[in-house]
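Asks: A single structure is presented below for examination.
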Amino acid sequence: MKRPRRGIRTRQLPPAPEDDRQAEAQLLLAAALRHHPAGRFADAENLYRRILALDPRHPDGLLLLGTLAYQTGRLDLAVELIDAAAGVALDTAPYQASLGKMLLLLGQPQAALTHLQRAASLDPDAAETQNNLGNALHRLGQAVPAEAHYRRALDLLADFAEAHNNLGNLFYEQGRTDEAAARYRQALEIHPDYPEALGNLGSALLRQGRLEEAAEHLERAIALRPGLELAHFHLAEVRRRQERLEEAVAHYRTALALNPDRDIAHHNLGATFMRLAHPSAAAACFRAAIRLRPDFAEAHNNLAMSLLTQGEMAAGWQEHEWRWQIPPHAGAKRDFTQPQWRGEPAMGRTLLIHAEQAYGDTLQFCRYAPLAQQRGFRVVLEAPFPLIRLLAGLPGVERLVPAGEPLPPFDLHCPMLSLPLAFGTTVDSIPGDTPYLFSDSTDAAAWAARLAPMASAGPRVGLVWSGGRHSDWPAAAEIDRRRSIPPAMLAPLFSVPGLQFYSLQVGGPAAPGSLAMADHMGEMRDFADTAALAANMDLVISVDTAVAQVAGALGRPVCLLDRFDHCWRWLAGLRTSPWYPTMWIYRQPRPGDWESVVAELAADMRALSDGWHAAWAKKDTAARPE
């Protein structure tokens, strides 16, 4: 920072006694005007300038006029004036401390540190100086000395609420949430209406999962200081976790109006819009976050989800490659020496296609293996062991390898969910022909024989009501919760006459005994067994799980019971799927509203009670009653 020219750093002779008294009187009057409820800043500034007209090097006049300049938004002038005051009173701690504090407020912690250290050397027992030294060091990333200065400030002044709050902030950033909350509470015992401490305690309670308490403190902070950006941001986080999504949107927007440069707020607003099934608005938010932080991998990946949901696949597949930089995918990326295939001609070479995510993704994207073989590749397919027997009938695969077993030689590799990018897949070019998987004929025939005695009971309907459990991945666990339906809520389907129901559910909550349903799932060893049973169903009804994709890949009629914030693969606004032509999609009209979904499906099933199997088996929507 360039300092103004000052000449010799000594005080001029004091003004004449009458001028001295006049200056003191004007200082008192200016202070009253500066703190006037109406904010009479212009009148106060005139008085400070009169003082400086009498004595251009009057340190109090320079300091207070600089403070006033800061209050009125003239930041450069504020630093210049306070710097001049500190230069006049070089060996006076308050002026050095004031300049240091001002530089901190202007976001210049390194420059502030010099003056604060000077002030502390002149007056080591000034609690505010010690606190501001802690602030400067904290912002410079020097946590250990920062903590020491905060504690020194509190040794000097035990009821220093700001120092308690600042020490809490240091602990919060270090993940010491309980200690941080204790410090915020101490600050509030001293100063109950301290907005920053209220907001900070709210954020700590949010991190602890104590959502109601967090909301209470954050709302109080906002009531005291409506412009407290972080309080709005954290209250938005609370409301999002409480499923109060519209309120979350409002607080994210307020936070961004106060600070448009917080990339995580743009991102989380986008994530909330995705929950509200507004993918276009979500995409705009993710792009705003990326503009602020170009390497924001999670924003790129979520932008992919929003684009794919809208059918913008060319851009969506490109953005989806960022998944390798976010958990849990980051730790799963394969470190092969062979290059990744990205769609270039490679006739006669061996391509390793390897599964990378959940069973359902493998079932959906293994369909590209025959296309790779048509491009002239010799295809090696690596997949999880529970899928191996089912995938054995997939055309175009020269060798099938269970995950974890040694791989044969290959020239190129491609993660399974990068295949759409390599093939340039758009909505119009999705390889949607089914069936592309086939149940084992012997196993399917065995199930047909076992179920034959029940043929007179009417068409067979397989049911799946719950997704898997992902306790090690909170985001996936949250999706599992939203995509699963309490089995008792399926009761209206059982009121449709002439049907027999079979469980295709693996794990999850048990169905109540009041639902008459055969359950052979204890006999299932792998997905091939499930496919053999599903092949004998006239209709499969499933939430968004791998079983729905088994049925779709087999070309069986399947009704997908889908959550409001549906997965990108089911596309926005469609009731059928270009990935699975025999699928009909029943979506929640509102978040969590499974009653409407089940009621609509039950009504369709009743309307098709005569010859309904033939109607469901058609590949267009004309079979569905309006």
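Asks: Taking the options Trp465, Trp447, name whichever one is aromatic (Phe, Trp, Tyr), surrounded by 19 or more Cβ atoms within 10 Å (Cβ to Cβ) and in contact with a strand residue (DSSP E or B) (Cβ under 8 Å, 6 or more places away or on another chain). Before you say what the answer is, go through the steps one by one.
Replies: Working: Trp447 fails: in contact with a strand residue (DSSP E or B) (Cβ under 8 Å, 6 or more places away or on another chain).
Going through Trp465, Trp447 in turn, just one is aromatic (Phe, Trp, Tyr), surrounded by 19 or more Cβ atoms within 10 Å (Cβ to Cβ) and in contact with a strand residue (DSSP E or B) (Cβ under 8 Å, 6 or more places away or on another chain): Trp465.
Asks: Looking at (1) over 22 Å from Met313 (Cβ atoms); (2) touching a residue at least 60 places away in the same chain (Cβ under 8 Å); (3) out of contact with any strand residue (DSSP E or B) (no Cβ under 6 Å at 6 or more places or on another chain); (4) not in a helix (DSSP H, G or I), find the lone condition where Phe410 falls short.
Replies: Condition (3) is where Phe410 drops out.
Asks: Hey, another quick one. Could you grab me the full set of residues in the stretch 312-325 that are surrounded by fewer than 16 Cβ atoms within 10 Å (Cβ to Cβ) and either part of a loop (DSSP other than H, G, I, E, B) or touching a residue at least 40 places away in the same chain (Cβ under 8 Å) (or both)? Working first, answer last.
Replies: Going through the stretch 312-325, the residues surrounded by fewer than 16 Cβ atoms within 10 Å (Cβ to Cβ) turn out to be 314-315, 318, 325.
Correct list: Ala314, Gln318.
Asks: Same structure, new question: Within the stretch 178-293, which helices (runs of 4 or more DSSP H) (wholly inside it) include 3 or more residues that are touching a Lys or Arg at 6+ places or on another chain (Cβ under 6 Å) and in the same structural domain as Cys567 (by TED's automatic domain parsing)?
Replies: Correct list: empty, since no element meets the threshold.
Asks: Also, I was wondering about something else. Scan the stretch 113-162 residue by residue and report those that are in contact with a Leu (Cβ under 8 Å, 6 or more places away or on another chain), within 16 Å of Tyr95 (Cα to Cα) and basic (Lys, Arg).
Replies: none
Asks: All but one of (1) within 30 Å of Cys366 (Cα to Cα); (2) not in a strand (DSSP E or B) hold for Leu463; state the number of the condition that does not hold.
Replies: The single condition Leu463 does not satisfy is (2).
Asks: Next question, about the same structure. Determine whether Thr309 is touching a helix residue (DSSP H, G or I) at 6+ places or on another chain (Cβ under 6 Å) and either over 26 Å from Trp579 (Cβ atoms) or buried (at least 16 other Cβ atoms within 10 Å of the Cβ) (or both).
Replies: Numbers: touching a helix residue (DSSP H, G or I) at 6+ places or on another chain (Cβ under 6 Å): yes; either over 26 Å from Trp579 (Cβ atoms) or buried (at least 16 other Cβ atoms within 10 Å of the Cβ) (or both): yes.
In short, yes.
Asks: So, in the stretch 526-551, of the ones that are within 30 Å of the chain's Cα centre (by Cα) and over 14 Å from Gln364 (Cα atoms), which residue ends up surrounded by the most Cβ atoms within 10 Å (Cβ to Cβ)?
Replies: Ser542
Asks: Quick one: which of Arg342, Arg367 is surrounded by 14 or more Cβ atoms within 10 Å (Cβ to Cβ) and basic (Lys, Arg)?
Replies: On the way: Arg342 fails: surrounded by 14 or more Cβ atoms within 10 Å (Cβ to Cβ).
So the residue among Arg342, Arg367 that is surrounded by 14 or more Cβ atoms within 10 Å (Cβ to Cβ) and basic (Lys, Arg) is Arg367.
Asks: Next question, about the same structure. Quick test of your reading of the structure: Tyr359 fulfils all but one of (1) of a type in the set (Ser, Thr, Tyr); (2) surrounded by 13 or more Cβ atoms within 10 Å (Cβ to Cβ); (3) more than 29 Å from Ala572 (Cα to Cα). Name the failing condition by number.
Replies: Tyr359 satisfies every listed condition except (3).
Asks: Which one of these does Glu478 not meet: (1) of a type outside the set (Val, Ile, Thr); (2) within 15 Å of Asp544 (Cα to Cα); (3) in a loop (DSSP other than H, G, I, E, B)?
Replies: Glu478 satisfies every listed condition except (3).
Asks: Here's something else I'd like to know. Filter the stretch 403-444 down to the residues that are among the hydroxyl-bearing types (Ser, Thr, Tyr) and surrounded by fewer than 17 Cβ atoms within 10 Å (Cβ to Cβ), then identify the one that is farthest from Trp341 (Cα to Cα).
Replies: Step one: filter the stretch 403-444 for residues among the hydroxyl-bearing types (Ser, Thr, Tyr), giving 418, 425-426, 429, 434, 436, 439, 441-442.
After this cut, where a residue has to be surrounded by fewer than 17 Cβ atoms within 10 Å (Cβ to Cβ) as well, the list is 426, 429, 441-442.
Values: Thr426: 18, Ser429: 19, Ser441: 35, Thr442: 37 Å.
Selected residue: Thr442.
Asks: Moving on to the next point. Keeping to the stretch 225-245, report how many residues are within 12 Å of Asn268 (Cβ to Cβ) and surrounded by fewer than 20 Cβ atoms within 10 Å (Cβ to Cβ).
Replies: Counting residues in the stretch 225-245 that are within 12 Å of Asn268 (Cβ to Cβ) and surrounded by fewer than 20 Cβ atoms within 10 Å (Cβ to Cβ) gives 2.
Asks: Can I ask one more? Only one residue in Arg342, Arg389 is in the same structural domain as Leu412 (by TED's automatic domain parsing), in contact (Cβ under 8 Å) with a residue 60 or more places away in the chain and assigned to a loop (DSSP other than H, G, I, E, B). Which one? Step through it out loud before you land on a result.
Replies: Values: Arg389 fails: assigned to a loop (DSSP other than H, G, I, E, B).
Result of the check over Arg342, Arg389: Arg342.
Asks: Read through the list (1) in contact with a Gly (Cβ under 7 Å, 6 or more places away or on another chain); (2) at pLDDT 95 or above, then give the number of the only condition that Leu421 fails.
Replies: With (1) in contact with a Gly (Cβ under 7 Å, 6 or more places away or on another chain); (2) at pLDDT 95 or above applied to Leu421, the lone miss is (1).
Asks: Can I ask one more? Would you be able to say whether some residue in the stretch 84-106 is buried (at least 17 other Cβ atoms within 10 Å of the Cβ) and either without any contact (Cβ under 8 Å) to a residue 12 or more places away in the chain or among the acidic types (Asp, Glu) (or both)?
Replies: No: the stretch 84-106 contains no residue that is buried (at least 17 other Cβ atoms within 10 Å of the Cβ) and either without any contact (Cβ under 8 Å) to a residue 12 or more places away in the chain or among the acidic types (Asp, Glu) (or both).
Asks: Now a separate question. Hey, Gly331 hits all of (1) in contact with an Asp or Glu (Cβ under 6 Å, 6 or more places away or on another chain); (2) surrounded by fewer than 17 Cβ atoms within 10 Å (Cβ to Cβ); (3) free of Cβ contacts under 8 Å to residues at least 60 places away in the same chain but one; which does it fall short on?
Replies: Here Gly331 meets the rest and fails (1).
Asks: Does Pro370 count as touching a residue at least 40 places away in the same chain (Cβ under 8 Å), in contact with a Pro (Cβ under 8 Å, 6 or more places away or on another chain) and in a loop (DSSP other than H, G, I, E, B)?
Replies: Working: touching a residue at least 40 places away in the same chain (Cβ under 8 Å): yes; in contact with a Pro (Cβ under 8 Å, 6 or more places away or on another chain): yes; in a loop (DSSP other than H, G, I, E, B): no.
For Pro370, the condition - touching a residue at least 40 places away in the same chain (Cβ under 8 Å), in contact with a Pro (Cβ under 8 Å, 6 or more places away or on another chain) and in a loop (DSSP other than H, G, I, E, B) - is not met.
The values are calculated or read from the model by the stated rules, or taken from the named source; none is laboratory data. Here the structure is a predicted model, which is why all the values come from computation and not from measurement. All Cβ positions, glycine included, derive from the backbone under ideal geometry; neighbour counts span all protein chains shown.
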